Amino acid sequence: MRALTWHGRHDVRVENAPDPEIVNPRDAIIEVTSTAICGSDLHLYDGVIPGVAKGDILGHEFMGRVVETGPKSTLQKGQRVVVPFTISCGSCFFCKASLYSACDNSNPVEKQDASEMLYGHAMSGLFGYSHLTGGYPGGQAEYVRVPFSDVGPIVVPDGVPDEQVLFLSDILPTGWMAAENCDIEPGDTVAVWGCGPVGLFAVQSALLMGAGKVIAIDHYPHRLDLARKLGAEVIDFKQTHVLEALMEMSGGLGPDAVIDAVGMESHGFAPDNLLDSAKQRFGMGADSAHALRMALMAVRKGGRVSVPGVYGGMADKFPLGALMEKGLQIRTGQTHVQRYTKELMHRIMEGEIDTTFLISHRLPLEEAARGYRNFHDQQNEWTKVVLTP
Amino acid sequence: MHRRKTDIVTVTGLAALAIGAAAVTRLMNETRNRPPDSAPGRTARQSRFGAYIVAGRTVTIDAPRDRIHAMWREPEQLARFMQDLRAVERGPGDRMTWVIATPGGDARIETRLVEDRHGEALAWRSVEGSDFDIEAKVQLRDAPAGRGTEVEAHVAWRPHWGMAGQWAAKLRRADPRTRGRHELKRLKMLLETGEIATNANQRNT
């Protein structure tokens, strides 16, 4: 089959790879019909996530048709499914508590050692990401082996176009969980850093959950425009002092809740950010936590901090004092996708949520490398790339 | 002038050494002679077990104690989660020979079952002439709040070639501590999900 593989910083290629087979009883093989490039794939593209190996097949947002099933799979050949990016067994302590991205049984045993050393505990397996999360071959390919296919995939009725439901695999539930982690009360002001796909879906979700005002922060005019169209007020950090503006726009209180939808590769010319980026470039395992630092400073006393943005290592100059003194609550984590797919599918079908506005470019899988380059270099116009094998 | 400079260096060096030694002595006194705490002995900062290395790990498995006990008693089941186990040969009485793949070739460990309390504990001890001097024990306890069973595996062994051998094995992830941890996690996967997670895309890789 053809698949997009990683070869190093800013080097991804579409090449031949062996077709996947059923390996375990609960597996299914999916023939991919649509797959997307995620903002977190750009962290891999930039080489700032540890544990990625040459030849790894990337991609964790995908859907397709079931072509083969293991004896314990509950799927049927021919069904159309969207596959969550988190691989979860559905029966361990964590899955039973709906903490699917903390599944104990999906990350291969020998892959758990490094993760235990780095994070204290091993996390669940993820498709097409680091070997810290299992090194599973991903979905930017013609076919994918889907383990625990009786737990993750959600069946899509015929007649519903791929693009309407594809983002149930990651970014829509991720934006939704980001807003849910804010415990929004009616009338709350919520500030969102980053108007990438997750930030935009967080804006949409926060408004649906009853926020009175959502303020979106970015520097790309087109992305800010998309946020505005969803109903957000916007701040362009290239022309405005963000902290001052947020205070003024929230009655001098500060936002009730803040969402860092940026993660470990913040943009901007703040001194802390330049230092972080330099350290990151030299492989010192540092995360660039500029957005999170600002969010902690901006949020009101006793406010809520939600972090869907991806971090992988360590951060310094972290405003721990603000976190403690202001009595903040912080909630974060890789998305527990399986917890949200059913409800969000229903909301899409009811027309409450539309995700198709995000897609700016559609390319054949063969041109995936060009998709990565442009999604990385031209973030103003390239807001989301969907690939078709 | 040159001589005096050397003296200053010597005196400063000796003073630094004295301060260092005092600090180490103080630290040692602080960690010794303390009333025992509740933690398992193998997690102690300064543990001595003679020539033996002791390691252990606890995992909670959502399965009844009987079922977990049975997994450790059946050679066919052992092979499902002990990846390096090439064969188990039953000997006379409670004797068993475990053939284990190691970086240096197959090792034969002949053991005696020294404890077998149904649903509670199992222990094996290697016999004279075995390739390894090793003792292993598995203890089963009900986990709180209906979470299943706490499985505590415990192994004590005398490393070949002393500590150097231990480090060499550890670097190749073939030491009993690493193997034991991996085996427990595989057992958990098998009992909780019916399979062992792998990222392999094909059956023969």
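The values are calculated or read from the model by the stated rules, or taken from the named source; none is laboratory data. This is a predicted model, so every value here is computed, not measured. Using ideal geometry, Cβ is built from the backbone for each residue, glycine included, and neighbour counts are taken over all protein chains shown. Ligands, DNA and RNA are excluded from the accessible area calculation, which covers all protein heavy atoms including side chains. Shrake-Rupley method; radii C 1.70, N 1.55, O 1.52, S 1.80 Å.
Condition first: more than 29 Å from residue A:47 (Cα to Cα) and under 24 Å from the mean Cα position of the chain (by Cα). Can you find one or more residues in region A:257-276 that meet it? The answer is yes; a qualifying residue exists.
Among the residues of region B:131-141, not a single one is farther than 25 Å from residue B:60 by Cβ, polar (S, T, N, Q) and away from chain A (no Cβ under 14 Å).
Of all the residues in region A:3-32, those that are open to solvent by 40 Å² or more (accessible area, probe 1.4 Å) and away from chain B (no Cβ under 14 Å) number 6. When the residues of region B:184-199 are filtered to those that are open to solvent by 20 Å² or more (accessible area, probe 1.4 Å) and among the β-branched types (Val, Ile, Thr), which remaining residue is farthest from residue A:127 (Cα to Cα)? Ranking the qualifying residues of region B:184-199, first place goes to B:196. Looking at region A:283-326, which of its residues are under 23 Å from the mean Cα position of the chain (by Cα) and among the basic types (Lys, Arg)? Hits for region A:283-326 are A:293, A:304.
Checking each residue of region A:238-254 against the condition of being at pLDDT 95 or above and surrounded by 24 or more Cβ atoms within 10 Å (Cβ to Cβ) gives at least one match. Only one entry in A:82, A:66 is open to solvent by less than 30 Å² (accessible area, probe 1.4 Å) and in contact with a Lys or Arg (Cβ under 6 Å, 6 or more places away or on another chain), namely A:66. Of everything in region B:159-205 that is on the phi > 0 side of the Ramachandran plot and within 11 Å of another protein chain (Cβ to nearest Cβ), the residue that is farthest from the chain's Cα centre (by Cα) is B:194. Exactly one residue out of B:108, B:95, B:86 is open to solvent by 80 Å² or more (accessible area, probe 1.4 Å), touching a helix residue (DSSP H, G or I) at 6+ places or on another chain (Cβ under 9 Å) and farther than 15 Å from residue B:155 by Cα: that is B:86. Return yes or no: is residue B:51 part of a helix (DSSP H, G or I), modelled with pLDDT under 90 and open to solvent by less than 60 Å² (accessible area, probe 1.4 Å)? Criteria not met by residue B:51. Just one of (1) part of a helix (DSSP H, G or I); (2) more than 11 Å from every other protein chain (Cβ to nearest Cβ); (3) modelled with pLDDT of 95 or more fails for residue A:40. It is (3).
In region A:167-195, of all residues being closer than 29 Å to residue A:65 by Cα and out of contact with any Leu (no Cβ under 9 Å at 6 or more places or on another chain), the one that is surrounded by the most Cβ atoms within 10 Å (Cβ to Cβ) corresponds to A:169.
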